[in-house]
Amino acid sequence: MFANRVITRGFASSVASLAPKVAVVGAAGGIGQPLSLLLKLNPHVGRLALYDLVNTPGVAADLSHINTQSSVKGYKGPEQLEDALKGSDIIVVPAGVPRKPGMTRDDLFKINAGIVKGIAEAAVKVAPNAHILVISNPVNSTVPIVAEVFKKAGIFNPKRIFGVTTLDVVRASTFVTTLKGGDATKTPVHVIGGHSGVTIIPLLSQTGINFAKEEVDALTHRIQFGGDEVVKAKEGLGSATLSMAHAGARFTDSLLRALAGAKGIVEPSYVYSEIGAKHGVEYFATNVELGPEGVAKVHPIGPINAYEEQLLKAAIPELQANIKKGVDFVHQG
Ligand code: NAD
Ligand code: LMR
């Protein structure tokens with residue numbers, strides 16, 4: 001269900017329509033701009049609020065000329081953050097610094113943890129019912145940061161905080177079909193765990209495709225370190241932006257449709273999870289069924305083979321450390 005229902009009239013129609021508000025925080029960045037474009041093209045978005053420290057008036061003016069039904073407004077600088085978030089149904093967060101070659105996602109914690117915490121604190125004040133979609137890295141830690149800020153305020157709702165791991169399954173489908181043939185759009189790959197290196201666990205055994213041992217090794221490595229391919233190719237100019245914008249727009253679209261009542265929508269996401277708890281972690285990515293309240297059902301891992309058991313075993317200590325780092329940050333700061 002949408003947090004804030006507002007009735008507006010689209011200029012192309014005299015029929016009143018619901019107008020969900022989506023805020024993008026970091027909207028002028030490498031992900032933020034193409035993501036905002038894709039959201040401007042999405043018919044389920046009613047109002048688009050674009051927030052960044054810089055350049056959002058220009059990005060908003062530009063997008064506002066596109067003849068789709070949503071309105072677009074730019075907000076710039078900390079004094080406009082609360083206005084940007086106020087009344088949002090969904091807040092998508094690609095704010096913060098990206099990696100350069102040689103860095104891990106955890107190296108971004110120093111800068112991005114404080115950025116994400118500040119955004120979560122503003123959301124607590126003015127959009128306590130919003131669904132928060134965290135893209136900023138390290139996702140394994142930034143999702144717990146958002147959750148702890150909401151817990152501190154006494155309004156934590158585990159159904160409404162998501163780490164966006166869609167890019168991992170987008171890549172996995174591409175890499176598997178590049179190697180084995182087939183239609184990438186019709187070859188889903190379940191990827192569980194978290195969103196960094198060994199915490200990314202592709203469950204190739206669940207695809208029903210036969211792989212040789214060397215193919216499993218190569219694909220697993222490529223899916224786990226797909227982000228590094230892009231970081232290396234961009235030679236210091238950042239990490240994945242365009243594929244991430246696609247992945248973020250896909251997840252936002254799925255959530256918008258589920259909030260509006262569509263059934264059977266399943267996306268992977270890193271969420272507060274009882275499935276994770278069984279493996280010793282509070283947050284864990286698996287397929288999640290989306291519904292009118294956000295998370296409707298966290299799906300189980302499903303059957304996994306001995307190889308994938310080993311991947312899971314290797315992921316858990318790193319995930320535990322990443323989660324603890326995020327939780328501690330909120331309570332120390
Ligand atoms: P970028 O530097 O191009 O853009 C980031 C934007 O955030 C900039 O416009 C900057 O002004 C803005 N920003 C900084 N501090 C802010 C604040 N306090 N409030 C609002 N905006 C702020 O970086 P990018 O390539 O767009 O990447 C953004 C983040 O997304 C990085 O942390 C990156 O690692 C992460 N990322 C995640 C995934 C994923 O799969 N989850 C994929 C790619 C990138
Ligand atoms: C990705 O997977 O592309 C992102 O997490 C960005 C990165 O740092 O690799």
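The values are calculated or read from the model by the stated rules, or taken from the named source; none is laboratory data. Because the structure is a prediction, the values reported are computed rather than measured. So basically every Cβ, Gly included, is an ideal-geometry build from the backbone, and we count neighbours across all protein chains shown.
Failed condition for SER239, given (1) of a type outside the set (Asp, Glu); (2) farther than 18 Å from GLU309 by Cβ; (3) more than 16 Å from ligand 2 (Cβ to nearest atom), with all others met?
SER239 satisfies every listed condition except (3).
Considering only the range 99-126, how many residues are in contact with an Asp or Glu (Cβ under 8 Å, 6 or more places away or on another chain) and closer than 23 Å to GLY226 by Cα?
So the count comes out to 2.
Do you know which residues across the range 70-110 are away from ligand 1 (no atom under 12 Å from the Cβ), assigned to a loop (DSSP other than H, G, I, E, B) and either modelled with pLDDT under 95 or under 21 Å from VAL134 (Cβ atoms) (or both)?
LYS86, GLY87, SER88, ASP89
Determine the pairs where a residue that is modelled with pLDDT under 95, located within the range 176-205, has a partner that is in a strand (DSSP E or B) and away from ligand 2 (no atom under 16 Å from the Cβ) with Cβ atoms under 6 Å apart, the partner being 6 or more residues away or on another chain.
Here the result reads none, with nothing in the range 176-205 linked to a residue that is in a strand (DSSP E or B) and away from ligand 2 (no atom under 16 Å from the Cβ).
Here is a yes/no grid of residues against (1) touching a residue at least 40 places away in the same chain (Cβ under 8 Å); (2) of a type outside the set (Ser, Thr, Tyr); (3) closer than 23 Å to GLY30 by Cα:
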{"position": "ALA218", "(1), (2), (3)": "no, yes, no"}
{"position": "GLY236", "(1), (2), (3)": "yes, yes, yes"}
{"position": "SER239", "(1), (2), (3)": "yes, no, yes"}
{"position": "LYS297", "(1), (2), (3)": "no, yes, no"}
{"position": "TYR307", "(1), (2), (3)": "yes, no, no"}
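Cβ-Cβ distance below 6 Å, separation of 6 or more or different chains: which pairs start in the range 55-83 with a residue that is within 23 Å of HIS44 (Cβ to Cβ) and end on one that is modelled with pLDDT under 95?
Every condition considered, the pairs that remain are GLN69/GLY10.
Table: residues versus (1) more than 16 Å from ligand 2 (Cβ to nearest atom); (2) closer than 21 Å to GLU148 by Cβ.
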{"position": "GLY26", "(1), (2)": "no, yes"}
{"position": "GLY29", "(1), (2)": "no, no"}
{"position": "VAL45", "(1), (2)": "yes, no"}
{"position": "THR56", "(1), (2)": "yes, no"}
{"position": "ASN67", "(1), (2)": "yes, no"}
{"position": "LYS73", "(1), (2)": "yes, no"}
{"position": "ALA95", "(1), (2)": "no, yes"}
{"position": "ALA113", "(1), (2)": "no, yes"}
{"position": "LYS125", "(1), (2)": "yes, yes"}
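Considering every residue within the range 147-169, establish whether at least one is within 16 Å of ligand 2 (Cβ to nearest atom), more than 21 Å from GLY32 (Cβ to Cβ) and free of Cβ contacts under 8 Å to residues at least 40 places away in the same chain.
Looking through the range 147-169, none of the residues is within 16 Å of ligand 2 (Cβ to nearest atom), more than 21 Å from GLY32 (Cβ to Cβ) and free of Cβ contacts under 8 Å to residues at least 40 places away in the same chain.
Might you check whether a residue that is within 20 Å of VAL146 (Cβ to Cβ) and within 16 Å of ligand 2 (Cβ to nearest atom) occurs anywhere in the range 287-307?
No, the range 287-307 has no match at all.
Quick one: is PRO300 in a loop (DSSP other than H, G, I, E, B), touching a helix residue (DSSP H, G or I) at 6+ places or on another chain (Cβ under 6 Å) and closer than 19 Å to LEU204 by Cβ?
Numbers: in a loop (DSSP other than H, G, I, E, B): yes; touching a helix residue (DSSP H, G or I) at 6+ places or on another chain (Cβ under 6 Å): yes; closer than 19 Å to LEU204 by Cβ: yes.
Yes.
When only residues in the range 241-263 that are touching a helix residue (DSSP H, G or I) at 6+ places or on another chain (Cβ under 9 Å) and more than 13 Å from GLY30 (Cα to Cα) count, which is farthest from ligand 1 (Cβ to nearest atom)? Break it down into steps so the answer makes sense when it comes.
Step one: filter the range 241-263 for residues touching a helix residue (DSSP H, G or I) at 6+ places or on another chain (Cβ under 9 Å), giving 241-254, 262.
In the following step, the residues that additionally are more than 13 Å from GLY30 (Cα to Cα) were identified as 247, 249-254, 262.
Numbers: ALA247: 6, ALA249: 13, ARG250: 12, PHE251: 10, THR252: 13, ASP253: 16, SER254: 15, ALA262: 24 Å.
Per the criteria, the residue is ALA262.
Only residues that are surrounded by 24 or more Cβ atoms within 10 Å (Cβ to Cβ) and within 15 Å of ligand 1 (Cβ to nearest atom): list them for the range 150-170, please.
Selection gives ILE161, PHE162, GLY163, VAL164, THR165, THR166, LEU167, ASP168.
Would you check which residues across the range 310-333 are of a type in the set (Gly, Ala, Ser), assigned to a helix (DSSP H, G or I), farther than 13 Å from VAL146 by Cα and touching a helix residue (DSSP H, G or I) at 6+ places or on another chain (Cβ under 8 Å) and list them?
Of everything in the range 310-333, those that are of a type in the set (Gly, Ala, Ser), assigned to a helix (DSSP H, G or I), farther than 13 Å from VAL146 by Cα and touching a helix residue (DSSP H, G or I) at 6+ places or on another chain (Cβ under 8 Å) turn out to be ALA314, ALA315.
Those residues that are farther than 14 Å from GLU308 by Cβ, away from ligand 1 (no atom under 14 Å from the Cβ) and crowded, with 19+ Cβ neighbours inside 10 Å, I need them from the range 213-236; list them, please.
Hit for the range 213-236 is ARG222, nothing else.
Would you pick out the residues in the range 20-48 that are within 14 Å of MET244 (Cβ to Cβ) and not in a helix (DSSP H, G or I)?
Correct list: VAL24, GLY26, ALA27, GLY29, GLY30, ILE31.
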